[in-house]
1. What pairs can you find where one residue is in region 77-106 and open to solvent by 50 Å² or more (accessible area, probe 1.4 Å) and at pLDDT 95 or above, the other is among the basic types (Lys, Arg) and not in a helix (DSSP H, G or I), and their Cβ atoms are less than 8 Å apart, with a gap of 6+ or different chains?
2. Looking at region 213-232, is at least one residue of a type in the set (D, E, K, R), surrounded by 12 or more Cβ atoms within 10 Å (Cβ to Cβ) and closer than 30 Å to ASN259 by Cα?
3. Just the residues that are of a type in the set (S, T, N, Q) and open to solvent by 60 Å² or more (accessible area, probe 1.4 Å), please, taken from region 245-278.
4. All but one of (1) part of a loop (DSSP other than H, G, I, E, B); (2) open to solvent by 30 Å² or more (accessible area, probe 1.4 Å) hold for VAL281; state the number of the condition that does not hold.
5. Quick one: which residue in PHE138, PHE104 is under 30 Å from VAL215 (Cβ atoms) and among the aromatic types (Phe, Trp, Tyr)?
6. Condition first: open to solvent by 30 Å² or more (accessible area, probe 1.4 Å) and touching a residue at least 40 places away in the same chain (Cβ under 8 Å). Now tell me which residues in region 198-212 satisfy that.
Amino acid sequence: MTTSVAGTAGRTGGDPGRPGRGSGTQDTKKTRRRPFGAQPLGILFSAPYLLFIGVVFAYPIVFAVWMSFHDYFFTAPGANVERPFVGLDNYVTALTDPAVWRAFGNVGVFLLINVPLTVVLSILLATALDRVVRARTFFRVAFYVPYVTASVAVVAVWLFLFSNTGLVNNVLGPLAPNPSWLVNSALAMPTIALFVTWKGLGFYILLYLAALQNVPRELHESVAVDGGGRIRQFFAVTVPGVRPATFLVVLLSTITGANLFTEPYLLTSGGGPNGASTSPVLLIYQKGIEQQNPDVATAIGVVLIVFVLVIALLQRRFVGREES
């Protein structure tokens with residue numbers, strides 16, 4: 001028995017208490033990293049989506065950045081023309097255009113109205129729906145239906161409500177604004193902000209409803225035992241408990257507002273009156289397609305992308321700081 005143990009020890013490295021060359025090879029195999037991860041099959045399954053992202057998002061963004069630094073213009077298919085490098089000329093043209101600054105100011109007004117309204121209304125309605133016992137499904141579907149309804153169909157309803165002879169003006173009577181809502185330079189963008197808030201509210205309510213499921217009921221009970229009512233429970237338990245969802249709602253609503261296009265295009269016939277409801281994305285469409293200046297339009301688009309990315313990074317950092 002002793003001889004057998006000694007011989008085995010000699011073959012594996014001499015000392016039975018130390019790992020021999022055989023075990024070292026096994027450790028090397030275990031620590032060797034695979035180029036495609038532990039599950040290479042996952043790369044194969046995700047390849048179609050990665051290809052979609054590259055073709056639909058990555059390539060257009062890279063091409064837009066290239067366009068913004070060149071004298072680019074539309075030509076007939078197959079035509080070979082020179083598009084010289086112009087440096088920052090397109091950015092200078094864009095940033096010295098008063099229409100660009102007005103468009104960013106318009107979207108700033110939109111965000112100041114839309115984002116707080118979205119956060120406050122969605123968290124209040126989600127809290128109320130979370131306590132509903134009867135007809136819970138009906139109410140949730142009722143709030144979600146406007147979100148999934150086509151904007152063109154919903155815009156027709158709002159045009160009927162807020163036109164000069166619409167239902168809202170008939171109800172207000174002498175208090176109705178003149179000019180009316182969507183043709184008033186001071187009220188056009190706030191009206192669009194109300195429309196977007198109402199239409200997208202169902203989606204954000206669902207986000208808050210999902211977050212509320214992670215708030216322990218015991219916390220509400222302990223506040224109630226201490227004599228706290230529904231309002232105190234809301235501010236002491238609900239609001240802190242759904243803080244990650246709140247930052248997500250703020251981020252998504254900000255990005256959605258920065259990319260505003262359909263609503264001003266349909267509600268105010270392309271950013272009227274006199275550009276009071278023109279958004280940066282709508283201005284990009286007007287500059288690039290209607291006025292045939294795609295190079296300046298892409299420069300505006302790049303500035304908008306940087307603007308949205310800065311907000312997103314600040315939100316992410318702020319969320320991380322709150323979580324830590």
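1. Correct list of pairs: empty, since none qualify.
2. Scanning region 213-232, I find no residue that is of a type in the set (D, E, K, R), surrounded by 12 or more Cβ atoms within 10 Å (Cβ to Cβ) and closer than 30 Å to ASN259 by Cα, so the answer is no.
3. Initially, region 245-278 is screened for residues of a type in the set (S, T, N, Q), giving 246, 253-254, 256, 259, 262, 268-269, 274, 277-278.
Passing the criteria: THR256, ASN259, SER269, ASN274.
4. Among (1) part of a loop (DSSP other than H, G, I, E, B); (2) open to solvent by 30 Å² or more (accessible area, probe 1.4 Å), VAL281 violates only (1).
5. Working: PHE104 fails: under 30 Å from VAL215 (Cβ atoms).
Sole residue among the options that is under 30 Å from VAL215 (Cβ atoms) and among the aromatic types (Phe, Trp, Tyr): PHE138.
6. Here is the first cut: in region 198-212, the ones open to solvent by 30 Å² or more (accessible area, probe 1.4 Å) are 198, 203, 206-207, 210.
If the condition is that a residue be open to solvent by 30 Å² or more (accessible area, probe 1.4 Å) and touching a residue at least 40 places away in the same chain (Cβ under 8 Å), then TRP198, PHE203, LEU206, LEU207 are the ones that fit.
The values are calculated or read from the model by the stated rules, or taken from the named source; none is laboratory data. Worth saying up front: this structure is predicted, and the values here are computed from it rather than measured. Ideal geometry is used to build each Cβ from the backbone, glycine not excepted, and the neighbour counts take in all protein chains shown. These accessible areas exclude ligands, DNA and RNA; they are computed on the full protein's heavy atoms, side chains included. Shrake-Rupley method; radii C 1.70, N 1.55, O 1.52, S 1.80 Å.
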